[in-house]
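Just so it is clear, none of the values below were taken in a lab; they were calculated from the coordinates. The model shown is predicted, which means the values in this text are computed figures rather than measured ones. With ideal geometry, Cβ positions are generated from the backbone for all residues, glycine too; neighbour counts draw on all protein chains shown.
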2 protein chains.
Amino acid sequence: MQIEALKILFAQSGLKFTNQRYVVYKAMVAARDHPSAETVWRRVREEAPAISLDTVYRTLAALEARGLVTRVPAGGDEARFDGDVTAHHHVVCLRCGAISDFTMTGATLTDLPPTVAAWGRVRDAQVLVRGICHKCLGPNDNTQPN
Amino acid sequence: MQIEALKILFAQSGLKFTNQRYVVYKAMVAARDHPSAETVWRRVREEAPAISLDTVYRTLAALEARGLVTRVPAGGDEARFDGDVTAHHHVVCLRCGAISDFTMTGATLTDLPPTVAAWGRVRDAQVLVRGICHKCLGPNDNTQPN
DNA sequence: TTTAATGCAAACGCTTTGCATCTGG
DNA sequence: CCAGATGCAAAGCGTTTGCATTAAA
């Protein structure tokens, strides 16, 4: 994405365009691993060494409030963010915390039962799968899931 | 549920049967609001006034590890637990934190795409809907979702 | 120039943990 | 008896916040 397009996007969202926000958003769009705030921080410090961790937190919160990033309901101890705001689902490894995307039909906003619409205003819907990934299981693993 | 049946259930799970665990589990099965540890604590203190908050945390963790309760991936600041371990889905209010159940077809374990099975060992799958509930919206509310 | 964003450091709140004591099996 | 559970208090850790400074518009 062009930097000029980002300036326009930020302006439309009522956000000042700062270099900190630029590198954070760029890192979020590029990331495929649903990074935590601290992970984002480590990455962007290569490009903006003076950025503070609180600014990363504040930036992610600002982007989330504008719908430019999403928080993944992964359930670990640290919040995980997603730069892909298109509809998709998540698998979470309860052991290592890895998060992967997957797609499937039949579980998007339009598939929800009318009871959900009656409940209030829906922002997003996703399938959340929890388990243990293959890397954590190892070859021919037979241990219990926890 | 009979108290004798609970003793058997706990024994099968390798858990000693204590009054603290008894009241916590009973409260979890009775609850419909997916309470936090502190909410559970407030409730069980009526029946077991000496119980400590850490014991509630430890008990919920032990029950979760045995699959007797579930953690709801609600995303708020405090962990929310569910005494209903049958397959169902959740709607979460981003404003007040209320969590409701709903059911729908097409999004259970058996409906997941093969890519998920290839990913590892799946423990559970649910649809997670986020939005603002009617109580928080109020009558004829037109504010933005956040 | 005016309003918002940043960095720093301290505070905050939920959760976990070490340890001595107690208790279920 | 003895391994495991509990209560207490303190620590841990991710996240938030107050405030002075800096920078975008």
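For the pair A:LYS16 and B:ARG58, how long in nm is the line joining their label points, each one 7 Å along Cα→Cβ?
5.1 nm
List the lysines whose Cα lies under 24 Å from the Cα of B:LYS26, skipping any in the same chain that are fewer than 8 positions away.
Within the straight-line limit of under 24 Å, B:LYS26 reaches these lysines: B:LYS7, B:LYS16.
Using only the alpha carbon atoms of chain A, find the Kirkwood hydrodynamic radius as the inverse mean reciprocal pair distance, in angstroms to one decimal.
17.1 Å
At 7 Å along Cα-to-Cβ for each site, give me the label-to-label distance between A:MET104 and B:ARG32 in nm.
About 2.8 nm separates the two model spin labels.
Using r as the Cβ-Cβ distance of B:ILE3 and A:GLU47, and R0 as 51 Å, what FRET efficiency do you calculate, to the nearest 0.05? Don't skip to the end; give the middle numbers.
On the way: r = 62 Å, r/R0 = 1.21.
Result of the calculation: an efficiency of 0.25.
Output ³J(HN,Hα) for the range A:52-69: one whole-Hz value per residue in order, computed from phi by the Karplus curve 6.51 cos²θ - 1.76 cosθ + 1.60 with θ = phi - 60°, and x for Gly and Pro.
Computed from phi, the couplings for the range A:52-69 are 9, 5, 5, 5, 4, 4, 5, 5, 4, 5, 5, 5, 5, 4, 8, x, 8, 9 Hz.
Using alpha-carbon positions, what is the distance between the centroids of the range A:1-57 and the range B:60-112, in Å?
32 Å
I need to check one value: relative contact order of the range B:1-85, counting alpha carbon pairs closer than 8 Å and at least 6 residues apart, in percent.
Once divided by the residue count of the range B:1-85, the mean separation gives 30 percent.
Of the DSSP beta bridges with both residues in the protein assembly as shown, give the percent that are antiparallel, rounding to the nearest 5.
Close to 80 percent.
Considering only DSSP states other than H, G, I, E and B, which trypsin sites (Lys or Arg not before Pro) in the range B:22-112 qualify as loop sites with at most 12 other Cβ atoms within 10 Å?
Passing both the DSSP loop test and the Cβ count: B:ARG32.
In deg cm²/dmol and to the nearest 500, what is the mean residue ellipticity at 222 nm of the protein assembly as shown if only DSSP H runs of at least 4 residues count, each as -39500 (n - 2.57), divided by the residue total?
Dividing the helical sum by the residues of the protein assembly as shown leaves -10000 deg cm²/dmol.
Calculate the tail of P(r) for the protein assembly as shown: the fraction of all Cα-Cα distances greater than 32 Å, expressed in %.
The proportion of pairs with Cα distances above 32 Å equals 35 percent.
With 10 angstrom as the radius, rank B:VAL91, B:VAL29 by how many other C-beta atoms surround their C-beta, starting from the fewest.
B:VAL29, B:VAL91
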